[in-house]
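Reviewing the structure listed below.
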Amino acid sequence: MSCESKKRRHEEMEPVLDSVGEKPEAVLFLVQEGIQGKRFQLMKNFAAKNGFHCEDQLCERVTHVISELDNVKQIKKLYPQLSQNSHIKIVSSQWMYTCVRQKMHMPENNFLLEGYHQWLVESLQDAQSSSKRSELGLQSESADSKQKLAKDNEELGHTEHDKKTFNENILERNAKLQNHNMKLVESLTFMNNYWTVMGDERRALAYAKAAATIKCLPFTVTTMEQIEELKGLGTGHCLKVVQEVLRTGTCREVTTKAESEKYIGLKNLTSVYGVGAGLAEKLYTVHNLRTVQDMITHWNHLKLADERIKYGIAYHQDLNTPVTREDAGKIESILKEHLDVIKPGYTLEITGGFRRGKKTGHDVDFLISYKKDGEEVGVLSKLLLSLTKKGHIIHQKVEKSTFDEEAVFRKASEKVNPMDHFEKCFCIFRLPECEPWTSSDTLNMGRDFESLVKEGESKREWKAVRVDFVFVPSSQWGYALLGWTGSKLYMRLLRHYSNHYLNMLLNSHGLWNRADNTLLPAQNEEEVFQNLGLSYKEPCDRNF
Ligand code: 8GT
Ligand code: MN
């Protein structure tokens, strides 16, 4: 997790822009087969009374086929024309009833009839080959536009249908680490970083969402038309950046901003563990500081209360060197050695970016749990003691567990929602670079600044790594794992979706129905996704 909880709290208070997209209008076609006449009439009345538009024929306007038959094959037999309408969702009548009960447009995934996905793939293939056929027949079309069409098809470009699906629910998109538009993503991500460092969370979020949208596209963008009306691309500003990169390969705004004195200064200052955007702004404008060296020079006047900063400066270089997966594995082995002695029977998992498949990270995030709720209590302090004895802990910031259900609701309603209430420790870990490890220093917290800086600069056989330990009661494991796996933007979009579409409160402890404050339990991540009415997403697809 990133260094500054302060920054995070600020982020949580920002209003979230619309993120899941407009609720699509539903036009229903009710399939009578399998339903008695009288009940069918009641069903139709129910739909109409609750504001659904119903069509008597399976025409183009239909968005949802509602049926009580078992599978799509049966429906296809009755309505062969179905395959020309691959935008249609084919769902059980439960979907309609649930929408009415929940007073919202429910995601369809859990209500799709058996065989839906196979049918969808087949009808898309049909549609593609027929569009190719008609394209060949279009003698009067200009060579240019024909070439473009062919290219779009070739590169899996967005057909209107794809765009519709893509826009329906941002959370059903897959955001992988590798994508087809690295240059666009890089520029938009820079703009996100720029506004984050400048302390404008609202603009930063807009660019983060635009970058995530582009990441999810299954083809290389070459023209603006290909991305017209894609949800998540946001304001004209994001589009302007995209347009210029498409046209010229770079963006002047990006270049100018990357070279601006203020950006470079704030970036230097926020690169120190413990310094967030707010403090960096103060150091820059009030104290005129520009670099980490300036912080060292003026250290004595600054009177910074946060102990982390002292260590952040001393080990600045180490902490700004990306942590490799190999190092994460080494730290995991060390933790296991200690936990095996302190209290075996634990579950230990590396989460954060590494779990999403990243090869490096800025820290290593560990979740630790036991079979029964409560067994984890007290283990953190023993673990820290044991690691300290072996000289592994350079600095620690411990947070006690503050979880109780009331706190979750009170905080949520006051909109000062900290990330979570788990017992945890944010620490700087001393990782030996060669075996065997002989040092058995005691915790060197509280040391004076000068000697720390000297040690940081000296040649040593170990490196400093940011590590988080989080202790989770087993009944909250699924939610905690999801929350700490991230990405941060993905979790933000999920929480927004839960709030606005499900009227539910999601955090790393659970999912609560706001209507009656009941908790929806989950044993694992899969069950969390089920509770949210979304299909399971692999960690590697959560790199939003
Ligand atoms: P990285 O590779 O640079 O380390 O990137 P990362 O691993 O994706 O980001 P991170 O900053 O280490 O955070 C990992 C996940 O933990 C994020 O999804 C974030 O939302 C979540 N997270 C925090 N802080 C906290 C916290 O205090 N509680 C909980 N539950 N989650 C947190 O960043
Ligand atoms: Mn991390």
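The values are calculated or read from the model by the stated rules, or taken from the named source; none is laboratory data. These figures come from a predicted structure and were not determined experimentally. For neighbour counting, all protein chains shown are included, and Cβ atoms are generated from backbone atoms with ideal geometry for every residue, glycine included. Heads up: the accessible areas ignore ligands, DNA and RNA and are worked out on the full protein's heavy atoms, side chains in. Shrake-Rupley method; radii C 1.70, N 1.55, O 1.52, S 1.80 Å.
Here are some notes:
- Helices (runs of 4 or more DSSP H) within the stretch 291-405 that include 2 or more residues free of Cβ contacts under 8 Å to residues at least 24 places away in the same chain and either within 30 Å of Gly510 (Cα to Cα) or more than 16 Å from ligand 2 (Cβ to nearest atom) (or both): 292-297, 299-302, 325-342, 379-389
- Residues satisfying the stated conditions in the stretch 72-105, i.e. within 20 Å of Gly533 (Cα to Cα) and touching a strand residue (DSSP E or B) at 6+ places or on another chain (Cβ under 8 Å): Ile88, Lys89, Ile90, Val91, Ser92, Ser93, Trp95, Met96
- Close pairs from the stretch 37-64: first over 20 Å from Lys103 (Cβ atoms), partner among the polar types (S, T, N, Q) and open to solvent by less than 100 Å² (accessible area, probe 1.4 Å), Cβ under 7 Å, at least 6 apart: Phe40/Gln32; Leu58/Gln81; Glu60/Asn85; Val62/Asn85
To keep it simple, each residue is scored yes or no on (1) of a type in the set (Val, Ile, Thr); (2) at negative phi.
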site	(1), (2)
Trp195	no, yes
Met198	no, yes
Arg202	no, yes
Val221	yes, yes
Glu225	no, yes
Gly232	no, no
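- Of the residues screened, Leu283 is one that is open to solvent by less than 60 Å² (accessible area, probe 1.4 Å) and farther than 16 Å from Asp200 by Cβ.
- Close pairs (9 angstrom Cβ cut-off, 6 or more residues apart or separate chains): in contact (Cβ under 8 Å) with a residue 12 or more places away in the chain in the stretch 174-186, open to solvent by 20 Å² or more (accessible area, probe 1.4 Å) and assigned to a strand (DSSP E or B) anywhere: none
- Residue in the stretch 475-486 that is farthest from Gly357 (Cα to Cα), counting only those that are among the aromatic types (Phe, Trp, Tyr) and buried (at least 23 other Cβ atoms within 10 Å of the Cβ): Tyr479
- Filtering the stretch 487-544 to residues that are open to solvent by 20 Å² or more (accessible area, probe 1.4 Å) and in contact with a Pro (Cβ under 9 Å, 6 or more places away or on another chain) leaves Tyr501, Glu527, Asn531, Ser535.
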